[in-house]
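Just so it is clear, none of the values below were taken in a lab; they were calculated from the coordinates. What you see is a predicted model, and the numbers here were worked out from it, not measured in a lab. Note: ideal-geometry Cβ built from the backbone for every residue, glycine included; neighbour counts use all protein chains shown.
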Amino acid sequence: MTTSQPLDLLPDSSTSFLSPYLPPSAPSDRVFVTLTYAASLDSRIALGHGQRTQLSGSESKCMTHYLRAHHDGILVGVNTFLADNPGLNCRYNIAGKSAVEASPRPIIIDPTFRCKIESRSKSMMAAASLEGKEPWILVSAEWRNSVSPSDLVHIQSIERMGARVIPVVGLRSDNRNESWAAILKSLKELGIHSLMVEGGARVINDLLCTAVDDINGAKISPVDVVIITIAPVYLGKNGVEVSPASALDNLYDITWDQFGRDCIMASFNKKLRADF
Ligand SMILES: NC(=O)c1ccc[n+]([C@@H]2O[C@H](COP(=O)([O-])OP(=O)(O)OC[C@H]3O[C@@H](n4cnc5c(N)ncnc54)[C@H](O)[C@@H]3O)[C@@H](O)[C@H]2O)c1
Ligand SMILES: Nc1nc(=O)c(N)c(NC[C@H](O)[C@H](O)[C@H](O)COP(=O)(O)O)[nH]1
C-alpha cells in the first residue's frame with residue numbers, strides 16, 4: 001500500500017494565474033481537454049524512450065496535482081505507463097474532498113493491452129489505498145473481440161480489483177483523427193467531461209494536429225487549453241521530443257508565470273483552424 005504525503009499548497013497568486021484556464025463547472029456537449037506536459041529547454045520530455053525523467057521542480061509538480069484535482073480524467077499513452085509506472089492520482093489537498101474524490105480517473109490509451117497492469121502497478125496501489133481511482137484502459141474493439149485466453153484471465157483479475165478494460169470502436173494507431181474522435185466520444189459517454197492529457201510525446205504531438213467534428217460538422221481541434229512546464233535543463237538529441245508534424249500558430253490569451261525554477265505557460269487553443 002502507498003502512503004504518500006500530500007503536496008504543499010500553492011500560493012494564491014499561482015491559483016489565480018491558473019483559474020482562467022480551468023475547465024468550466026458546467027459540462028458542455030464535448031469533453032474539455034487540457035494538454036499539459038513538462039519539457040526541457042530543447043523541447044524534450046524525457047532523456048530517452050522508456051526513461052522516466054523528472055523535469056518539474058516541487059512547485060510545478062504541485063501545479064500538476066492541482067490541475068489533476070480539477071479534471072474528471074487524466075490520460076496517458078501506454079508507453080508513458082510502461083516507462084513511468086505513474087500513480088495518476090491527486091496528492092494536492094483539496095478542502096472538503098477525500099483523496100479519491102479529488103483524484104481524476106486514470107485513463108491509458110493502449111489498443112493492444114501492452115500495459116499488463118496488475119495489483120502492484122502504482123495507480124492500482126493508489127486506488128487500493130484510497131488515494132486515487134481505479135484506472136481505465138482503452139483498448140481497440142478489434143483486439144478485445146479476439147482476445148487470447150491468457151489476456152482474458154488477466155483482464156478479469158484486474159476488473160475484480162475495480163479497473164476496467166474498455167473496448168473503443170475506432171481506436172487505431174494509424175489514424176489520429178478517427179482515434180481521438182472515438183476516444184473522446186467514449187469518454188463523454190462514460191461521464192468524463194474534462195480530461196487532462198499528460199503525454200507522452202506521441203499523444204501530445206498527435207493531439208496538437210488532430211481535428212474532430214463539432215456538432216455542426218466543422219473540423220475543430222479537441223484541445224481547449226495548453227499548459228506547459230518549461231524546466232531549465234537540456235536533455236540533448238537523444239531525448240524524446242515534442243514537436244508537432246507541422247508549424248502551429250494556435251495559442252492565444254497566453255500567460256507566463258514562474259513556479260520555483262520552472263516557467264509555466266498557460267494558454268487557450270484555437271478550436272477552429274484554417275489548416276484543418
Ligand atoms: N515530461 C513529461 O511531461 C512527460 C509526460 C508524459 C510522458 N513522458 C515521457 O514520454 C515518454 C513516452 O512517450 P511516447 O511518445 O514514447 O509514448 P506515449 O506515452 O505517447 O504512448 C504511445 C503509445 O500509446 C498508444 N497511442 C497513443 N495515441 C494513440 C492513438 N491516438 N490511437 C491509438 N493508440 C494510441 C500507442 O500504443 C502508442 O504506441 C516516456 O519516456 C515518458 O517518461 C514525459
Ligand atoms: N508535469 C510533469 N513533470 C515531469 O517532470 C514529468 N516527468 C511528467 N511526466 C508525466 C507523466 O504522466 C508521469 O508519468 C507522471 O507525472 C507521474 O505521475 P505520478 O506523479 O506518479 O502520479 N510530468
Euclidean distance between Cα centres, the range 9-46 to the range 169-207, Å: 18
Projected-area mean, the range 236-276, by convex hull of Cα positions, square nanometres: 4.5
Out-of-range pairs (alpha-carbon distance over 29 Å; input Lys116/Lys185; Lys122/Lys219; Lys188/Lys237; Lys61/Lys133): Lys122/Lys219; Lys188/Lys237
Listed residues Val147, Val226, Val197, most fluctuating in the chain (Gaussian network, C-alpha, under 10 Å): Val147
Kirkwood Rh and Cα Rg combined as Rg/Rh, the range 28-272: 0.95
Check: the chain dipole with +1 on Lys, Arg Cβ and -1 on Asp, Glu Cβ, in debye: 480
Kirkwood-based shape ratio for the range 30-111, expressed as Rg/Rh from alpha carbons: 0.97
HN-Hα J in Hz across the range 99-108 - Karplus 6.51, -1.76, 1.60, θ = phi - 60°, x for Gly and Pro: 4, 5, 4, 6, 7, x, 6, x, 10, 10
The chain: calculated mean residue ellipticity at 222 nm from DSSP helix runs of at least 4, using -39500 (n - 2.57): -7500 deg cm²/dmol
GNM top mover of Ile94, Ile107, Ile230 - the chain, alpha-carbon springs below 10 Å: Ile94
Alpha carbon centroid spacing (whole Å) that separates the range 210-224 from the range 47-120: 26
Normalised alpha carbon radius of gyration of the range 80-204 [divisor 2.2 N^0.38 Å]: 1.05
